Amino acid sequence: MTDAAKLSIGGKDFDYPVLTGTIGPDVVDIRKMYGQTSAFTYDPGFTSTASCQSTLTYIDGDEGVLLHRGYAIGELAEQSSFMEVAYLLLNGELPTKEELAGFSTTITRHTMVHEQLAAFFRGFRRDAHPMAIMCGVVGALSAFYHDSTDIHDPVQRTIASHRLIAKIPTIAAMAYKYSVGQPFLYPDNSLSYTGNFLRMTFGVPAEPYEVNPVVEKAMDRIFILHADHEQNASTSTVRLAGSSGANPFACIAAGIACLWGPAHGGANEAALNMLREIGTPDRIPEFIARAKDKNDPFRLMGFGHRVYKNYDPRATVMQKTVREVFDSLKVSDPVFETALRLEEIALNDPYFVEKKLFPNVDFYSGIILSAIGFPTEMFTVLFALARTVGWVAQWNEMITDPDQKIGRPRQLYTGPAQRPYVGLDQR
Ligand code: ACO
């Protein structure tokens with residue numbers, strides 16, 4: 001790549017430095033462009049714009065590669081744990097045994113929520129969507145933990161980060177319990193992060209709850225697969241909210257709100273609903289035809305990705321995990337057969353091949369979550385739980401970045417030019 005990019009505008013030439021990362025595309029540094037040329041760049045959806053420098057996550061969408069701090073997602077999902085990945089994302093290196101034990105203990109000690117939060121839950125309707133509850137309750141944490149909202153104090157930032165990672169499973173489980181009318185369960189810190197979450201969700205005070213190790217492992221793996229995904233919509237939302245100096249609880253609540261959308265975190269719910277609607281493999285051609293029809297808004301949910309133009313590496317792990325969970329729970333779901341067949345048909349269809357549309361992480365995750373016993377409304381909540389780690393790590397990185405400024409995109413104005421006000425009696 002050249003070391004400078006040339007721009008010719010208004011009869012004048014300008015040079016802009018080209019920055020090179022460790023791997024991945026170079027970026028043209030246009031920070032001085034407006035000052036020199038009085039022109040902005042136009043890039044709706046930020047398809048060609050790098051909004052920050054980051055050391056956390058690397059994606060090569062063409063090759064189907066996802067790395068966290070340099071480690072491949074497949075290796076992390078197979079050999080690591082969610083706590084280890086959380087430590088890695090926050091601190092930059094895999095923990096030693098002692099560091100992991102210390103980190104897990106710290107997180108464990110923050111799992112309880114202020115007792116008054118339980119009363120806060122009761123203000124919601126029982127039929128509220130759990131993501132609506134998550135937005136409200138996580139945002140409200142800043143009202144309970146004043147001593148960790150000073151973003152300029154690194155100790156407070158660390159405490160807030162640990163609190164968010166530790167309390168989000170408790171809040172997610174409470175959102176579920178509230179919707180089914182069962183009592184909240186306090187955390188049991190003798191269990192793992194994931195085991196504790198499963199118990200708070202599916203246990204009841206009337207009897208002991210035994211964590212199924214295969215389900216625990218599968219759930220932990222799902223959390224790993226969703227932990228971070230560089231500058232996606234919700235992460236960019238967290239960074240943008242944080243760029244104004246907003247406290248971390250408010251920023252994570254903003255991320256949760258963004259994640260809720262069906263084009264982002266809501267897609268696994270939509271994918272499972274679609275697979276259930278298809279029902280049996282013989283109906284697949286009908287749905288494939290609809291997905292290809294320009295006049296039909298229907299899309300194959302769980303297919304395609306803004307960045308991956310190859311098989312999403314997380315979908316590979318997810319497909320394997322479906323089999324493990326089914327074997328362990330001795331269940332099957334015809335929807336899995338439909339999903340496998342749909343994938344096979346789509347991957348051999350020129351429409352999907354030419355547009356490079358492959359299954360994404362959401363295609364199979366709903367099938368596992370449903371087998372474990374989660375209702376579809378909880379799927380995005382689980383995504384938010386796991387992604388909190390990435391959001392928190394990205395937020396910390398942003399706060400300590402010397403180049404950090406308040407996020408303030410520009411626009412191409414296409415409204416009326418200045419015109420005189422017309423009095424009400426003359427309109
Ligand atoms: N089914 C059918 N056609 C599709 C699909 C699909 N799932 N996805 C994209 N296409 C087609 C589009 O119609 C478009 O066709 P055209 O070029 O003839 O107009 C072309 O492929 C490119 O699609 P875009 O929407 O421009 O691609 P973009 O990168 O903006 O969208 C997105 C990516 C939003 C994920 C899209 O593929 C989609 O809607 N998929 C279904 C929803 C989904 O699974 N979302 C989960 C994303 S993963 C996550 O958030 C964790």
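The values are calculated or read from the model by the stated rules, or taken from the named source; none is laboratory data. Just so it is clear, the structure is predicted and the values come from calculations on it, not from any experiment. Every residue, glycine among them, receives a Cβ derived from its backbone with ideal geometry; neighbour counts consider all protein chains shown. Side chains included, ligands, DNA and RNA excluded: accessible areas come from the protein's heavy atoms. Shrake-Rupley method; radii C 1.70, N 1.55, O 1.52, S 1.80 Å.
Overview of values
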| read-out | value |
| --- | --- |
| Answer from PHE383, PHE379 - the residue that is open to solvent by 10 Å² or more (accessible area, probe 1.4 Å) and under 24 Å from ILE168 (Cα atoms) | PHE383 |
| Tally of residues being under 29 Å from ARG221 (Cα atoms), open to solvent by less than 20 Å² (accessible area, probe 1.4 Å), within 12 Å of the ligand (Cβ to nearest atom) and in contact with a helix residue (DSSP H, G or I) (Cβ under 7 Å, 6 or more places away or on another chain) across segment 276-319 | 5 |
| Options ALA271, ALA263: the member that is open to solvent by 80 Å² or more (accessible area, probe 1.4 Å) and within 9 Å of the ligand (Cβ to nearest atom) | ALA263 |
| Within segment 1-101, helices (runs of 4 or more DSSP H) holding 1 or more residues that are within 16 Å of the ligand (Cβ to nearest atom) | 73-79 |
| Filtered residue count, segment 109-132, keeping only those that are open to solvent by less than 40 Å² (accessible area, probe 1.4 Å) and under 24 Å from LEU225 (Cβ atoms) | 3 |
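Quick grid of which residues meet (1) in contact with a Phe, Trp or Tyr (Cβ under 8 Å, 6 or more places away or on another chain); (2) not in a helix (DSSP H, G or I):
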| residue | (1), (2) |
| --- | --- |
| TYR351 | no, no |
| PHE363 | yes, no |
| PHE383 | no, no |
| THR388 | no, no |
| VAL392 | no, no |
| GLU397 | no, no |
| ALA417 | no, yes |
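This table checks each residue for (1) touching a strand residue (DSSP E or B) at 6+ places or on another chain (Cβ under 7 Å); (2) of a type in the set (A, V, I, L, M); (3) surrounded by fewer than 16 Cβ atoms within 10 Å (Cβ to Cβ).
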site: ASP3; (1), (2), (3): yes, no, yes
site: THR20; (1), (2), (3): no, no, yes
site: ARG31; (1), (2), (3): no, no, yes
site: PHE40; (1), (2), (3): no, no, yes
site: GLY45; (1), (2), (3): no, no, yes
site: SER48; (1), (2), (3): no, no, yes
site: ASP60; (1), (2), (3): no, no, no
site: LEU66; (1), (2), (3): yes, yes, no
